[in-house]
1. Within the range B:48-101, track down each residue that is within 22 Å of B:Glu169 (Cα to Cα), part of a loop (DSSP other than H, G, I, E, B), at the interface with another protein chain (Cβ under 8 Å from one of its Cβ atoms) and open to solvent by less than 10 Å² (accessible area, probe 1.4 Å).
2. Anything in the range B:35-65 that is on the phi > 0 side of the Ramachandran plot and either of a type in the set (Val, Ile, Thr) or within 11 Å of ligand 1 (Cβ to nearest atom) (or both)? List them, or say none.
3. Inside the range B:222-243, can you point out the residues that are out of contact with any Gly (no Cβ under 8 Å at 6 or more places or on another chain), over 22 Å from B:Ala7 (Cβ atoms) and either assigned to a helix (DSSP H, G or I) or of a type in the set (Phe, Trp, Tyr) (or both)?
4. Pull up the range B:205-221, narrow it to residues that are open to solvent by less than 90 Å² (accessible area, probe 1.4 Å) and either away from ligand 1 (no atom under 13 Å from the Cβ) or part of a helix (DSSP H, G or I) (or both), then point me to the one that is nearest to the other protein chains (Cβ to nearest Cβ).
5. Taking into account only those residues within the range B:175-204 that are over 22 Å from B:Phe62 (Cα atoms) and within 16 Å of ligand 1 (Cβ to nearest atom), which is farthest from the other protein chains (Cβ to nearest Cβ)?
6. Of everything in the range B:136-170 that's farther than 22 Å from A:Asp196 by Cβ and open to solvent by 10 Å² or more (accessible area, probe 1.4 Å), which residue is nearest to the other protein chains (Cβ to nearest Cβ)?
7. If we scan the range A:120-127, do we find a residue that is within 14 Å of another protein chain (Cβ to nearest Cβ), in contact (Cβ under 8 Å) with a residue 24 or more places away in the chain and among the small types (Gly, Ala, Ser)?
8. Does the range B:21-47 hold any residues that are within 16 Å of ligand 2 (Cβ to nearest atom) and either open to solvent by 50 Å² or more (accessible area, probe 1.4 Å) or in a loop (DSSP other than H, G, I, E, B) (or both), and which are they?
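The values are calculated or read from the model by the stated rules, or taken from the named source; none is laboratory data. Just so it is clear, the model here is predicted, and its values are computed rather than measured. Cβ placement follows ideal geometry from the backbone for every residue including glycine, while neighbour counts extend to all protein chains displayed. Heads up: the accessible areas ignore ligands, DNA and RNA and are worked out on the full protein's heavy atoms, side chains in. Shrake-Rupley method; radii C 1.70, N 1.55, O 1.52, S 1.80 Å.
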Amino acid sequence: MNTVLRLPALKPAGLGLALAAALAVPLISDPGTASMAVFITMYVGLATAWNIMGGYTGYISLGHAAFFGFGAYTLGLFLVHLGIPAGYQPFLLVPVAGVLTALLAALIGWIALRTRAATFVIVTIAFMFMLQLLAENLVNLTGGGAGLGLPVPSWGGDFFAIPFYYAMLALAILGVTVSWVIRRSKFGLGLLAIRDDEDKALAVGVPTRAFKLAAFVISAALVGMIGGVYGYFITYIYPQFVVDPLIGISMVLMVFFGGLGTLSGPVLGAIVLEWSQLQFAYHFGASRLYLIFYAAVFLLVIRFLPQGVVPSIADLVARRRHGRAAGPPGPASDSAEPPTRIRPGLASP
Amino acid sequence: MSLLEIANLGKRFGGVVAVDNCSLSVATGSITGLIGPNGSGKTTVFNLVTGFIPRDRGDVVFKAQSIAGLPPDQIYGLGIGRTFQLARIFPRLTTLENMLVPVRRAGWRALLSQRQWSHEQDRAMDMLESMDISQVAGTLGGALSYGQRKLLELAAVMMARPELVLLDEPAGGVNPVLLERIADHIRQLNAQGVTFLLVEHNMGFVMKLCDEVVVLHQGRVIASGNPRDVRANPAVLDAYLGA
Ligand SMILES: Nc1ncnc2c1ncn2[C@@H]1O[C@H](COP(=O)(O)OP(=O)(O)OP(=O)(O)O)[C@@H](O)[C@H]1O
Ligand SMILES: [Mg+2]
């Protein structure tokens, strides 16, 4: 479906170029841009991770902020209660936050994945608010509404955001790699089959419960690790700002915008939307005015690009190439000539 | 010897008794027909055997082992495939991808490895070729004609080499030419050792293909035996003429 990034010569070259540019960002940027870059790469990772569950299996979780916040608190509590000093060691605890988030996700998923469709959406939201309440009320552990102060890194000034940028970039690259490996595997194909027709998938032997749970846990673990880095970055965490429903909604919107179930869609969606949001914040202050912008984008995408940007562009290119419009499939008929909408190869991003 | 043995199977939906103390067996290597008027419980028997709905009572034995109560994916893993009354395929996967979804006894390593794939892809292409639909290998399932979907569903079920395949109206809604082709495919697969239990309303198709026919009426088996005898059975005629 996605022809754009399949052009054999362009793909590695484009990837290499993008990677080089990403690595070079801190060299050419002022502190303001560097912290913008932290947020943008953070959302690239979040959207990509969310897509592994929401995009591939079609199970829409609106509660992923729970894992984000859980990761932030996990890392924060380790630092505070184990008395780990600020510096680079806290980054080594990020995988631990990932593992613990995975355990939490396994528990939540085990329950939530007994439901389908709308019920699943509601259950994920409910779990998120439960977690927020816990963070607020376990005052002895989390500091409750007064927040949890983390050790502040000794490096400061212009350099402050740079290590966080590279940590976020590493997690984003990890997320994209994991997503790519899954998309090209039999496991990933099983997830897409679940999205298309879960009962039919069961009928051909796909262990749907195990697959869904695995996708959910992988997705959540990535989000938890990103949350951990974020917590250390902002150095002071409050329940409502890390277990923030808007963070959960943002990743979803970015994926829908870029292309649900594609590899490059979430990346593109995160870059475009988070950049726009930061521009809003810059020009209109910290108000939540961007929410109106988000709502408008969402309506426009649903109305004009229901598949998202990447698949729509890919379709356009494919149509140009085949020299004629490949309209939507007409009514089925036995005598119809074979449809011409060819999708070469197996896994496309 | 029988490959599948259904004993005293029962299922009711609210006040409707869909399957009532139903017992039948499918001989290894046979093509067995399961016929009966609309609503007689044929699809429900399939759903009970493949674990899609829980049974109220009775037992299902496959290769001398009870499979009652197992979930559908495990039942497929044991070697029982099925198709659906209205062909069901994955609309947003290509024809070739549809062929690669079926999983039988795969560990996590196999699910993530790339190497086993290419071998499986070759087999899938061969299968598509033998069904004469390899030209649409790269087409999305949702863009296939109904006939192509029927063929794809049958081909995909065969990917994991099931020993028994339950076909729910393989000839339903297809034109006479395709019907002939589907019959040939079933015969061919049967010659390779696959056992079939098939539900079909087209009597010509059943008479031509089946070694053995079981007749269901209001969830109960009212006759069974070779096709010609069954067709002449007055009880069967009564059931069909709508007593
Ligand atoms: N999920 C269900 N819920 C309630 N009733 C059902 C359900 N499935 C089947 N039934 C009822 O059980 C009876 C048997 O239905 P079934 O679909 O097994 O018949 P069938 O022999 O396959 O019919 P057909 O030839 O029309 O496909 C019918 O009365 C049907 O309405
Ligand atoms: Mg039926």
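1. B:Thr50, B:Phe90
2. First, pick out the residues of the range B:35-65 that are on the phi > 0 side of the Ramachandran plot: B:36, B:39, B:41, B:51, B:58, B:63-64.
Scanning the range B:35-65 gives B:Gly36, B:Gly39, B:Gly41.
3. Within the range B:222-243, B:Arg228, B:Asp229, B:Arg231, B:Ala232, B:Pro234, B:Val236, B:Leu237, B:Asp238, B:Tyr240 meet the criteria.
4. The initial filter retains those residues of the range B:205-221 that are open to solvent by less than 90 Å² (accessible area, probe 1.4 Å), namely B:205-207, B:209-217, B:219, B:221.
Restricting the remaining residues to those that are either away from ligand 1 (no atom under 13 Å from the Cβ) or part of a helix (DSSP H, G or I) (or both) gives B:205-207, B:209-213.
On the way: B:Phe205: 16, B:Val206: 21, B:Met207: 23, B:Leu209: 20, B:Cys210: 23, B:Asp211: 25, B:Glu212: 25, B:Val213: 25 Å.
Among residues in the range B:205-221 that are open to solvent by less than 90 Å² (accessible area, probe 1.4 Å) and either away from ligand 1 (no atom under 13 Å from the Cβ) or part of a helix (DSSP H, G or I) (or both), the one nearest to the other protein chains (Cβ to nearest Cβ) is B:Phe205.
5. Among residues in the range B:175-204 that are over 22 Å from B:Phe62 (Cα atoms) and within 16 Å of ligand 1 (Cβ to nearest atom), the one farthest from the other protein chains (Cβ to nearest Cβ) is B:Met203.
6. The first filter runs over the range B:136-170 and keeps only residues farther than 22 Å from A:Asp196 by Cβ, leaving B:161, B:163-164.
Remaining after also requiring open to solvent by 10 Å² or more (accessible area, probe 1.4 Å): B:161, B:163.
Details: B:Arg161: 11, B:Glu163: 14 Å.
Per the criteria, the residue is B:Arg161.
7. We begin by selecting, within the range A:120-127, every residue within 14 Å of another protein chain (Cβ to nearest Cβ); these are none.
No: zero hits.
8. Correct list: B:Gly36, B:Pro37, B:Asn38, B:Gly39, B:Ser40, B:Gly41.
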